[in-house]
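Here is the structure we will look at, set down as structure tokens.
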Amino acid sequence: MTEEMARNLFIAIMMVGGLVWLVALSLALRIGKSPTVAPDFDWEHPDQPHPSEDSGSITVPGNTHDASTRLARAILQANQQFDGVAYRIVERSDRQLLIEKVGSYSQFSPHQHGGAYFSGAEFTFATTRSNQVEVTYQLDFTNFARRQRTIALALILGLGLPVLALAGLLIWNLVIFNPQPGARWQVMQTLQIVHVLWPPFLPIGIYNFGRRSAKIWVENVLASLQIVDLPQTA
């Protein structure tokens, strides 16, 4: 392999690797932000809580009192399905229900439940028409987002960047300008940088999966409120 060919191949591989690294960094900085909002990560205060909420609404039959009561019972019953966490009722009325998570979970648990990814939630109930209630929910992913963003940035800045710089420096000095043409084929070893480029996408993917799973779980709970028994009154 000629020196020019080795140099061009090295530059091409490093450019692609650098592009993948930048994509991972961009996605990591967007963790906790709405897809339509540009990231504004504060480098001076990296540990500062990053607002991360998701919301939606669904219409269910009944009245606000029954909807609030059924939802509270459904959440308390669902606690039995969670692995290491539970939700407690902070406040409940006919117009509002607040819950927060207690305990901790392993994000790699094979039994991880979709509803255990958010730290807390607020549900509001409003009558829309006769025998119809609009339930609006707001899920708080702040802790989950901060954890996944920290892991991703540690992999990107603490592992990926140093390895890219060191590997590039070594191959450039020891391989590209090696006087032996056969040794220049070792430039293909530059492809090994892939091993430090893919790990950041794991916490990024876990965050996206957890957020979708939590929203699906909440909407499924709301859609099935009618089958939740109301408490018996004396």
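Descriptive notes on the structure:
- 15 Å beta-carbon shell around residue 135, net charge (K/R +1, D/E -1): 0
- If you plug the beta carbon distance of residue 208 and residue 180 into 1/(1 + (r/R0)^6) with R0 = 45 Å, you get a FRET efficiency near 0.45.
- On the beta carbon distance between residue 161 and residue 226, with R0 = 45 Å, the FRET formula returns roughly 0.25.
- In a fully extended conformation the segment linking residue 195 and residue 134 would gain 17.1 nm over its present Cα-Cα distance, using 0.36 nm per residue.
- ³J(HN,Hα), Karplus 6.51/-1.76/1.60, whole Hz, each residue of segment 131-142, x for Gly, Pro: 6, 9, 10, 8, 9, 9, 10, 9, 9, 9, 10, 4
- Using alpha carbons only: equivalent-ellipsoid semi-axes of segment 147-194, gyration tensor based, whole Å: 30, 9, 4
- Per-pair calculated FRET efficiency, R0 = 25 Å: residue 16 and residue 173 via Cβ, rounded to 0.05: 0.75
- Packing-based ranking of 185-194, 160-169 yields 185-194, 160-169, ordered from highest to lowest mean Cβ neighbour count within 10 Å.
Readers should treat all values here as calculations from the given coordinates under stated rules, not as data from a laboratory. From a predicted model like this one, the values you see are computed outputs, not experimental measurements. Note that we place each Cβ from the backbone using ideal geometry, even for glycine, and neighbour counts take in every protein chain shown.
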